[in-house]
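The values are calculated or read from the model by the stated rules, or taken from the named source; none is laboratory data. These figures come from a predicted structure and were not determined experimentally. We place every Cβ from the backbone using ideal geometry, glycine too, and count neighbours over all the protein chains shown.
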Amino acid sequence: MISTRRALDIVIVGAGAVGAALCHALAVRGFEVGIVDAETGEERASVRTSALSGASLAQLSGLGLWPLEGVEAAPLRALQVLDRSGQGRLRFDSADIGEASLGAIVNHGLLEAALRRRARALGVPWYFDRAEEVAIEGGRAEVMLRGGERLRAPLLIAADGAQSTIREQLGVPVLQYRYGQTAVCADIRLGRPHEGVAWQRFLADGPCALLPLPDPCRASLIWSTADQEARRLRNLSDREFSEALRGVFGDALGTLETDSERAGFPLVASHAQRYIGARFALAGDAAHRVHPLAGQGVNLGFADAGALVAALEAARARAVDLGSRRALRPYERARKVENVAMLMATDLLNRAFRDDRAWVRALLRTGLNVTDTLPFLKTVFMTASGARDPGGAAHDARQGP
Ligand SMILES: Cc1cc2nc3c(=O)[nH]c(=O)nc-3n(C[C@H](O)[C@H](O)[C@H](O)COP(=O)(O)OP(=O)(O)OC[C@H]3O[C@@H](n4cnc5c(N)ncnc54)[C@H](O)[C@@H]3O)c2cc1C
């Protein structure tokens, strides 16, 4: 059955953080957009947090999506990086770039829920259903939903995540690499206040990070490690797990106690060969997935959303068909290089810090210590990692209303 609701300009499949932000931004700008997501829309906090960079906060603010009601943000004032030996140290401080914070830490589940709420408040047609099939026919993209409904529009945006079945059906080849690592995520109670500092130590099997939460004595753990070790860590008793954490961070934050579930996320890097085609565009994890060690995945997705909205507005202003390659090419051009660069940088860091060769370890240790003494170099790193908007846009990482 073809949907009898109003004619759509754009159908988005996937209302994760990226799809929901896109949906809101497009609807606010007067595009007729409909969105499909299999999830019921139930609001819940997750054990996973996202570090939003200063550039992302500026981007979301520009899209009218920051601050976000219901999302409490912890300002990230500094990042303390340690190598495996604990002797190589590097501290990124927001003061080095003349900002109040490097970004903000938010609960990922609440971020998604708030973005969905904002989009739904605009009266966007919302389909709580699964997109089963897509077809490109007669100058339209057609999406068949499990419930039997069919949606048609000149443009389909696939924001259906790293395992995108829409991408597969559209025949877009994807390069995928399984790290053999799993990120173990949990909430941690700290013996000492974190003072807005995130800690990251690179261990033999991967990086272990503690990100500050709005409660001054709580942090979010993202411990990336070999799959088997992750299984072991998840099965430890609370006391054994606390001891393992203490082995990583020592006494820097006092006692580290866990009282939440320990969730595991298998880590994969992937990149789609094309982001666009006739009548479609891919955005967010459907286009690229990076190792979480630099906390960049959703930040890259928000940057995709900004670039895609800009391309579609420009196309509309010139009366260019929204689903044409001509309309979409500027989006792909704007995003591919940055996304590939981040994918390679995170991949390289992950490999380098796991490398057992003595000269590689010595080089990394020296590199961290040298960089720590050169404020100019650190500023360059922070800009490159998205902590600072290269355009210098101001951002406000304070708590949401
Ligand atoms: C452990 C971990 C820590 C991370 N930390 C950070 C961080 O600190 N900072 C950061 O920037 N990023 C981080 N990331 C990455 C970030 O979480 C992702 O990049 C981001 O969530 C991707 O959002 P998305 O909207 O593109 O995809 P998703 O969040 O995967 O959303 C896809 C949506 O599509 C829906 N969907 C899928 N298929 C269909 C279908 N056929 N029909 C209908 N709906 C469908 C799903 O229900 C889902 O809602 C982390 C990732 C992990 C694993």
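What to note about this one:
- Scan of segment 143-162 for residues that are closer than 29 Å to Gly264 by Cβ and either crowded, with 24+ Cβ neighbours inside 10 Å or at pLDDT below 95 (or both), ordered by number: Ala158, Ala159, Asp160
- Extreme residue, farthest from the ligand (Cβ to nearest atom), among residues of segment 34-51 that are modelled with pLDDT of 90 or more and either in contact with a Pro (Cβ under 8 Å, 6 or more places away or on another chain) or more than 19 Å from Ala159 (Cα to Cα) (or both): Gly34
- Lone qualifier among Ala272, Ala252 - being among the small types (Gly, Ala, Ser) and at pLDDT 95 or above: Ala272
Yes or no, residue by residue, for (1) farther than 30 Å from Glu142 by Cα; (2) not acidic (Asp, Glu):
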residue: Gly19; (1), (2): no, yes
residue: Leu26; (1), (2): no, yes
residue: Val33; (1), (2): no, yes
residue: Thr40; (1), (2): no, yes
residue: Glu43; (1), (2): no, no
residue: Gly54; (1), (2): yes, yes
residue: Ser85; (1), (2): yes, yes
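- Just one residue in the set Glu149, Glu133, Glu142 is free of Cβ contacts under 8 Å to residues at least 12 places away in the same chain and over 19 Å from the mean Cα position of the chain (by Cα); that residue is Glu142.
- Looking across segment 248-291, the residues that are among the hydrophobic types (A, V, I, L, M, F, W, C), more than 9 Å from the ligand (Cβ to nearest atom), over 14 Å from the mean Cα position of the chain (by Cα) and over 28 Å from Ser324 (Cα atoms) come down to Val248, Phe249, Ala252, Leu253, Leu256.
- In summary, strands (runs of 3 or more DSSP E) completely within segment 163-247 and bearing 1 or more residues that are surrounded by fewer than 16 Cβ atoms within 10 Å (Cβ to Cβ) and either within 14 Å of the ligand (Cβ to nearest atom) or of a type in the set (Lys, Arg) (or both) occur at 174-190.
- When we screen Gly64, Gly54, Gly70, Gly30 for residues that are modelled with pLDDT of 85 or more, within 15 Å of the ligand (Cβ to nearest atom) and small (Gly, Ala, Ser), the only hit is Gly54.
- Subset of segment 311-326 that is without any contact (Cβ under 8 Å) to a residue 24 or more places away in the chain and aliphatic (A, V, I, L, M) - its residue that is surrounded by the fewest Cβ atoms within 10 Å (Cβ to Cβ): Ala319
- Scanning segment 262-279 for residues that are part of a loop (DSSP other than H, G, I, E, B) and under 30 Å from Arg351 (Cβ atoms) turns up Arg262, Gln273, Arg274, Tyr275.
Table: residues versus (1) of a type in the set (A, V, I, L, M); (2) within 14 Å of the ligand (Cβ to nearest atom); (3) closer than 26 Å to Glu332 by Cα; (4) touching a helix residue (DSSP H, G or I) at 6+ places or on another chain (Cβ under 9 Å).
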| site | (1), (2), (3), (4) |
| --- | --- |
| Trp126 | no, yes, no, yes |
| Ile136 | yes, no, yes, no |
| Glu149 | no, yes, no, no |
| Leu155 | yes, no, yes, yes |
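- Among the candidates Gly277, Gly247, Gly284, residue that is small (Gly, Ala, Ser) and modelled with pLDDT under 95: Gly247
- Residues of segment 294-334 satisfying the condition of being part of a helix (DSSP H, G or I) and within 13 Å of the ligand (Cβ to nearest atom): Ala294, Gly297, Val298, Asn299, Leu300, Gly301, Phe302, Ala303, Asp304, Ala305, Leu308
- Number of the condition not met by Val11 [criteria: (1) among the β-branched types (Val, Ile, Thr); (2) at pLDDT 95 or above; (3) part of a loop (DSSP other than H, G, I, E, B)]: (3)
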